[in-house]
Amino acid sequence: MVSVFIFYDSKYGNTKLASEKIAEGLKSVGVVVEAGYVREVGLDGAACSDLIVLGAPNHMGRPSRTMKRFIDYLATADLKATKVAVFGTYAGRARSIDRAVKKLESMVQARLPNLKLVLPGLSVRVNGMKGPMLDGELDRCVEFGRAIAAQLSA
């Protein structure tokens, strides 16, 4: 059975909610999914998963420091995963991909070179710093989960 672990950092709950919706999309096509807040989980889930997903809020144009530290932590682990996907939440004007997600992709490629990025990152728009998410964004998260699942067999 194919498995995915979603690691997220979240200050106001928006990135956590996005991770739950991504998990919903993965589960809808039969993928086993676990998720956890990076400050509360160890590497057990990552060590046994086929694919990991990393999600972080945009903090001043960059992924959160907590996620940066977690990626450094992942770089020291013996991971079964060979694939990775990333997503992030941001406030501000609409854009196809937020600069923090681009930086998260670059960070993953530099620090975790054995993991293949399976899709371009997902940027989820939030109404102001605290949210809530804008209409349609949660549906995009579910679709992103399904798109990740499609990449597991590729």
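The values are calculated or read from the model by the stated rules, or taken from the named source; none is laboratory data. Remember, predicted model here, so these are calculated numbers, not experimental data. Virtual Cβ from ideal backbone geometry, glycine too; neighbours counted across all protein chains shown.
Considering only residues that are small (Gly, Ala, Ser) and surrounded by 19 or more Cβ atoms within 10 Å (Cβ to Cβ), look in region 71-113 and name the one that is nearest to residue 145 (Cα to Cα). Write out each step before concluding.
Here is the first cut: in region 71-113, the residues small (Gly, Ala, Ser) are 75, 77, 81, 85, 88, 91-92, 94, 96, 100, 106, 110.
Among the residues that remain, those that are also surrounded by 19 or more Cβ atoms within 10 Å (Cβ to Cβ) are: 81, 85, 88, 100.
Values: 81: 17, 85: 10, 88: 14, 100: 20 Å.
If we take residues in region 71-113 being small (Gly, Ala, Ser) and surrounded by 19 or more Cβ atoms within 10 Å (Cβ to Cβ), then 85 is nearest to residue 145 (Cα to Cα).
Checking the conditions here, which among 68, 27, 21 is modelled with pLDDT of 95 or more, farther than 25 Å from residue 142 by Cβ and not aliphatic (A, V, I, L, M)?
Numbers: 27 fails: farther than 25 Å from residue 142 by Cβ; 21 fails: farther than 25 Å from residue 142 by Cβ.
Among 68, 27, 21, only 68 is modelled with pLDDT of 95 or more, farther than 25 Å from residue 142 by Cβ and not aliphatic (A, V, I, L, M).
Using the structure shown, decide if residue 125 is surrounded by 16 or more Cβ atoms within 10 Å (Cβ to Cβ) and more than 12 Å from the chain's Cα centre (by Cα).
Details: surrounded by 16 or more Cβ atoms within 10 Å (Cβ to Cβ): yes; more than 12 Å from the chain's Cα centre (by Cα): yes.
Spelling it out, residue 125 is indeed surrounded by 16 or more Cβ atoms within 10 Å (Cβ to Cβ) and more than 12 Å from the chain's Cα centre (by Cα).
State which residue pairs qualify: first residue farther than 13 Å from residue 134 by Cα and without any contact (Cβ under 8 Å) to a residue 60 or more places away in the chain and inside region 13-25, second residue crowded, with 21+ Cβ neighbours inside 10 Å and acidic (Asp, Glu) in any location, beta carbons under 9 Å apart, and separation of 6 or more residues or different chains.
Cβ pairs passing all conditions: 16/9.
Tell me, which residue of region 102-117 that is outside any helix (DSSP H, G or I) and touching a residue at least 24 places away in the same chain (Cβ under 8 Å) is nearest to residue 133 (Cα to Cα)?
Residues of region 102-117 that are outside any helix (DSSP H, G or I), as a first pass: 112-117.
Keeping just the survivors that are touching a residue at least 24 places away in the same chain (Cβ under 8 Å) gives 112, 114-117.
On the way: 112: 30, 114: 33, 115: 29, 116: 29, 117: 25 Å.
Filtering region 102-117 for residues that are outside any helix (DSSP H, G or I) and touching a residue at least 24 places away in the same chain (Cβ under 8 Å), the one nearest to residue 133 (Cα to Cα) comes out as 117.
Condition first: surrounded by fewer than 21 Cβ atoms within 10 Å (Cβ to Cβ) and either among the basic types (Lys, Arg) or touching a strand residue (DSSP E or B) at 6+ places or on another chain (Cβ under 9 Å) (or both). Now tell me which residues in region 24-38 satisfy that.
First, pick out the residues of region 24-38 that are surrounded by fewer than 21 Cβ atoms within 10 Å (Cβ to Cβ): 24, 27-32, 34-38.
Residues satisfying the conditions are 24, 27, 31, 32, 34, 35, 36, 37, 38.
One line per residue, one yes/no per condition, for (1) in a helix (DSSP H, G or I); (2) under 17 Å from residue 7 (Cα atoms); (3) out of contact with any Asp or Glu (no Cβ under 7 Å at 6 or more places or on another chain); (4) β-branched (Val, Ile, Thr):
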{"position": "86", "(1), (2), (3), (4)": "no, yes, no, yes"}
{"position": "93", "(1), (2), (3), (4)": "no, no, yes, no"}
{"position": "97", "(1), (2), (3), (4)": "no, no, yes, yes"}
{"position": "100", "(1), (2), (3), (4)": "yes, yes, yes, no"}
{"position": "119", "(1), (2), (3), (4)": "no, yes, yes, no"}
{"position": "128", "(1), (2), (3), (4)": "no, no, yes, no"}
{"position": "138", "(1), (2), (3), (4)": "yes, no, yes, no"}
{"position": "144", "(1), (2), (3), (4)": "yes, yes, yes, no"}
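Go through (1) surrounded by fewer than 24 Cβ atoms within 10 Å (Cβ to Cβ); (2) touching a residue at least 24 places away in the same chain (Cβ under 8 Å) and name the single condition residue 44 misses.
Of (1) surrounded by fewer than 24 Cβ atoms within 10 Å (Cβ to Cβ); (2) touching a residue at least 24 places away in the same chain (Cβ under 8 Å), only one is false for residue 44: (2).
For region 12-34, check the following and say yes or no: at least one residue is under 17 Å from residue 121 (Cβ atoms), under 13 Å from the mean Cα position of the chain (by Cα), of a type in the set (S, T, N, Q) and not in a helix (DSSP H, G or I).
no
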